[in-house]
Amino acid sequence: MTGPPAVDNNGETRYNRTMTRPSLLNLPNQLTLSRVLVSPLFMTLLLIENVWCRCGALALFAAASVTDMLDGWLARRHGQTTKFGKFMDPVADKLLIALALVSFVALRLAPTWAAMAIIGREILIMGLRTLVAYRGEMMESSVLSKIKTFSQMLYTSCAVLVLCWRDALAAAGRTPTVHQLVAIASGLDLLLYVALVLTLYSGLDYIVKNRWLLLGLFKGNF
């Protein structure tokens, strides 16, 4: 945006330029917020024992995963990165994964202790990020944290896909074999435990790398 021309001390014409700040409700932030809005609907569809509802949940999760990749890319490409977007992007991911894990526990696809360990880590880090943001600072996400998020989404998508497959068999009057059930359960457990290890390790790494910001929260309080 260019302002009216002005004359400097040497008599030369120059232009006043004003920098525009990215809008809070730009497209990348709208995509981020869409994940927050669809998360309860995703959980509702997931808990309904119907093949079409489960497929709808899978479609919603796939769309949410795409928006997770798009929002950051669009923000960087078009210069629309905001503090709000940096804060809300991981929050939206955490909410979606947390609701999925709660659903899997209810459906007996995941052990309660593993789901609570993952959710507990996410709540802890989100709380720390909120406290730091309240002071006007930002805790940056690491590459390891992004790998952790990918492992969680991979496990979630595979678990929902298994539910769709199981419901489709039931609708056709068929039942899976014992061998199929054992193989699927083992595969899901492996994905879950990989996600669990990455989640806990990335949480520790997150705290260590941002320890000076975190210590600053308590400075002067003792």
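The values are calculated or read from the model by the stated rules, or taken from the named source; none is laboratory data. What you are looking at is a predicted structure, and each value in this text was computed from that prediction instead of being measured. Every residue, glycine as well, gets a Cβ built from its backbone with ideal geometry; the counts of neighbours run over all protein chains shown.
Arg166 falls short on exactly one of the conditions (1) in contact (Cβ under 8 Å) with a residue 24 or more places away in the chain; (2) part of a helix (DSSP H, G or I), and that condition is (1).
Listed conditions (1) within 14 Å of the chain's Cα centre (by Cα); (2) of a type outside the set (D, E, K, R); (3) exposed (fewer than 15 other Cβ atoms within 10 Å of the Cβ); (4) at pLDDT below 85 are all met by Thr130, apart from (1).
Can you find a residue that is of a type in the set (Lys, Arg), assigned to a loop (DSSP other than H, G, I, E, B) and surrounded by fewer than 15 Cβ atoms within 10 Å (Cβ to Cβ) anywhere in region 202-214? No, every residue in region 202-214 fails to be of a type in the set (Lys, Arg), assigned to a loop (DSSP other than H, G, I, E, B) and surrounded by fewer than 15 Cβ atoms within 10 Å (Cβ to Cβ). If you go through region 172-187 one residue at a time, do you hit one that is buried (at least 16 other Cβ atoms within 10 Å of the Cβ) and either free of Cβ contacts under 8 Å to residues at least 24 places away in the same chain or aromatic (Phe, Trp, Tyr) (or both)? Within region 172-187, one or more residues are buried (at least 16 other Cβ atoms within 10 Å of the Cβ) and either free of Cβ contacts under 8 Å to residues at least 24 places away in the same chain or aromatic (Phe, Trp, Tyr) (or both).
For residues that are crowded, with 18+ Cβ neighbours inside 10 Å, at pLDDT below 95 and either part of a helix (DSSP H, G or I) or within 12 Å of the chain's Cα centre (by Cα) (or both), tally how many sit in region 100-123. Residues in region 100-123 being crowded, with 18+ Cβ neighbours inside 10 Å, at pLDDT below 95 and either part of a helix (DSSP H, G or I) or within 12 Å of the chain's Cα centre (by Cα) (or both): 2 in total.
Scanning region 12-49 for residues that are farther than 27 Å from Arg76 by Cα, out of contact with any strand residue (DSSP E or B) (no Cβ under 9 Å at 6 or more places or on another chain) and at pLDDT below 50 returns a single hit, Glu12.
So that you can scan it fast, the table gives a plain yes or no per residue for (1) in contact with a helix residue (DSSP H, G or I) (Cβ under 9 Å, 6 or more places away or on another chain); (2) surrounded by 14 or more Cβ atoms within 10 Å (Cβ to Cβ); (3) touching a residue at least 60 places away in the same chain (Cβ under 8 Å):
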residue: Asn26; (1), (2), (3): yes, yes, no
residue: Pro40; (1), (2), (3): yes, no, no
residue: Leu46; (1), (2), (3): yes, yes, yes
residue: Glu49; (1), (2), (3): yes, no, yes
residue: Gly56; (1), (2), (3): yes, yes, no
residue: Ser65; (1), (2), (3): yes, yes, yes
residue: Trp73; (1), (2), (3): yes, no, no
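The C-beta contact set for region 127-144 (first residue farther than 18 Å from Thr82 by Cα, second residue modelled with pLDDT of 75 or more and of a type outside the set (Ser, Thr, Tyr), distance under 8 angstrom, 6+ apart or interchain) comprises Leu128/Ile207; Leu128/Asn210; Leu144/Leu198; Leu144/Asp205.
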